[in-house]
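*Asks:* Input: one structure, supplied below.
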Amino acid sequence: MDKILDVRNLQISFKTFFGEVEAVRDISFHVGKKETVAIVGESGCGKSVTANSIMQLLPMPPAFFKGGEIIFKGENLLDKTEKEMQRIRGNEISMVFQDPMTSLNPTMKIGDQIVEGLVKHRGLTKAEAKKIAIEMLNLVAVPQPEKRINQYPHEFSGGMRQRVMIALAMACNPQLLIADEPTTALDVTVQAQILDLMKKIQDQFDMSIILITHDLGVVADMSDRVVVMYAGQILEQGTRDEIFKDPKHPYTRKLLASVPRLDMKKDEPLHSIDGTPPDLYIPPKGCAFYDRCNIAMKICKDHMPDNTSHSDTHCSRCWLNHPMAARKDERREK
């Protein structure tokens, strides 16, 4: 599969009053053409920081890159100037943000916000751009687009604002769309409509998608491959079927077990992951999931294993799967 995006050994930290926070710790993954890759994990695991680093939207300072590369179409985005990134953002790479109310400009009409990008990136006149803006609003099923193009964000419901965000992101026909929690705070019906809309647009424009979410139901419906992040690291990645049907890392298994099932009995308790993620001011030497894992071994505390390949598309970082795994009698009781 041709790679449109290749993230290699990316490391991102934040300088704070208390010290350095290592938010993203040496992660590598890629996105193929026309592929949907989901990045999943608990809040604070580094998903959104990774997405914003691709768009070069992290505030610097306090953020800074410690190492790695973000290769898009053969060029490292980390070497681009701000002016060069402005030509890429919204044109070749677009992003649908988590909260459309704070992402849309409340002082500008919806149409003007879409027209602005078309005029800048495609060199159209305002009249030509307005015609395309109406077409995009119609594409994302906003009713009466000719009228609503002259309205402000506060005049739209949450679901309609998210549709407008997708229209805004898709206006210049980008090759890569980053969707950061695109269905947060939407009811189930609207959520399904937004997901169906994204799949329809992806098929129509042959677009690649990075889907950032903690909702594994959305992942099962949308993704081709899944990247599981925890404490700034990737613990497992593979195809959707490999992750859901044959998870290898204990963290992935616990994430899947915590999803409510339709066949649950009335008195069956909901599963949860005990404990909290580690403090990334002082990241653990070994596996970050050690303190929350009920099958951890002594070696897990002080040594993080390399990736173990389970197939051409599936790998994980766990001593239980590693060829050099410690003996079973080294497991500690919890």
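The values are calculated or read from the model by the stated rules, or taken from the named source; none is laboratory data. Source: prediction; values computed, not measured. For neighbour counting, all protein chains shown are included, and Cβ atoms are generated from backbone atoms with ideal geometry for every residue, glycine included.
*Asks:* Across segment 293-309, what is the number of residues that are touching a helix residue (DSSP H, G or I) at 6+ places or on another chain (Cβ under 7 Å) and either in a loop (DSSP other than H, G, I, E, B) or closer than 18 Å to Gly275 by Cα (or both)?
*Replies:* 7
*Asks:* Further question: Is at least one residue of segment 65-83 surrounded by fewer than 19 Cβ atoms within 10 Å (Cβ to Cβ) and more than 23 Å from the chain's Cα centre (by Cα)?
*Replies:* Yes, some residue in segment 65-83 is surrounded by fewer than 19 Cβ atoms within 10 Å (Cβ to Cβ) and more than 23 Å from the chain's Cα centre (by Cα).
*Asks:* Please specify each residue of segment 1-30 satisfying the condition of being among the hydrophobic types (A, V, I, L, M, F, W, C), touching a residue at least 24 places away in the same chain (Cβ under 8 Å) and part of a loop (DSSP other than H, G, I, E, B).
*Replies:* Met1, Phe18
*Asks:* Further question: Quick check on my filter: what residues within segment 222-259 are of a type in the set (Asp, Glu), outside any loop (DSSP other than H, G, I, E, B) and surrounded by 17 or more Cβ atoms within 10 Å (Cβ to Cβ)?
*Replies:* Glu236, Glu242
*Asks:* Scan segment 260-289 residue by residue and report those that are surrounded by 10 or more Cβ atoms within 10 Å (Cβ to Cβ), more than 22 Å from the chain's Cα centre (by Cα) and among the small types (Gly, Ala, Ser).
*Replies:* Matches in segment 260-289: Gly275, Gly286.
*Asks:* For segment 189-196, indicate whether the set of residues that are closer than 30 Å to Asp2 by Cβ, acidic (Asp, Glu) and surrounded by 19 or more Cβ atoms within 10 Å (Cβ to Cβ) is non-empty. Explain how you work it out, then say what you get.
*Replies:* Restricting attention to segment 189-196, the residues satisfying the condition of being closer than 30 Å to Asp2 by Cβ are 194-196.
With the extra rule that they be acidic (Asp, Glu), the set shrinks to 196.
Narrowing further to those that are surrounded by 19 or more Cβ atoms within 10 Å (Cβ to Cβ): none.
The answer is no, given that none of the residues of segment 189-196 is closer than 30 Å to Asp2 by Cβ, acidic (Asp, Glu) and surrounded by 19 or more Cβ atoms within 10 Å (Cβ to Cβ).
*Asks:* Could you look through segment 88-137, keep only residues that are under 28 Å from the mean Cα position of the chain (by Cα) and among the small types (Gly, Ala, Ser), and pick out the one that is nearest to Met207 (Cα to Cα)?
*Replies:* Result: Ser94.
*Asks:* Then there is this: What are the residues in segment 274-286 that are in contact with a Phe, Trp or Tyr (Cβ under 8 Å, 6 or more places away or on another chain) and touching a residue at least 60 places away in the same chain (Cβ under 8 Å), if any?
*Replies:* If the condition is that a residue be in contact with a Phe, Trp or Tyr (Cβ under 8 Å, 6 or more places away or on another chain) and touching a residue at least 60 places away in the same chain (Cβ under 8 Å), then Pro277, Tyr281 are the ones that fit.
*Asks:* Counting just the residues of segment 154-170 that are of a type in the set (Gly, Ala, Ser) and farther than 10 Å from Val140 by Cα, which one comes out surrounded by the fewest Cβ atoms within 10 Å (Cβ to Cβ)?
*Replies:* Top of the filtered list is Ser157.
*Asks:* For Lys34, indicate whether it is over 25 Å from Pro247 (Cβ atoms) and within 18 Å of the chain's Cα centre (by Cα).
*Replies:* Yes, satisfied.
*Asks:* For segment 171-188, how many residues are surrounded by 17 or more Cβ atoms within 10 Å (Cβ to Cβ) and within 15 Å of the chain's Cα centre (by Cα)?
*Replies:* Qualifying residue count, segment 171-188: 8.
*Asks:* Here are some conditions: (1) surrounded by 13 or more Cβ atoms within 10 Å (Cβ to Cβ); (2) of a type in the set (Gly, Ala, Ser); (3) on the phi > 0 side of the Ramachandran plot. Gly19 meets all but one. Which one does it not meet?
*Replies:* (1)
*Asks:* Also, I was wondering about something else. Evaluate the following for His314: is it surrounded by fewer than 16 Cβ atoms within 10 Å (Cβ to Cβ), of a type outside the set (D, E, K, R) and modelled with pLDDT of 85 or more?
*Replies:* Spelling it out, it is not the case that His314 is surrounded by fewer than 16 Cβ atoms within 10 Å (Cβ to Cβ), of a type outside the set (D, E, K, R) and modelled with pLDDT of 85 or more.
*Asks:* Which one of these is at pLDDT 85 or above and in contact with an Asp or Glu (Cβ under 6 Å, 6 or more places away or on another chain): Asp224, Asp241?
*Replies:* Result of the check over Asp224, Asp241: Asp224.
*Asks:* Kindly provide the set of residues from segment 221-233 that are closer than 24 Å to Ser94 by Cβ and touching a strand residue (DSSP E or B) at 6+ places or on another chain (Cβ under 9 Å), ordered by number.
*Replies:* Residues satisfying the conditions are Met222, Ser223, Asp224, Arg225, Val226, Val227, Met229.
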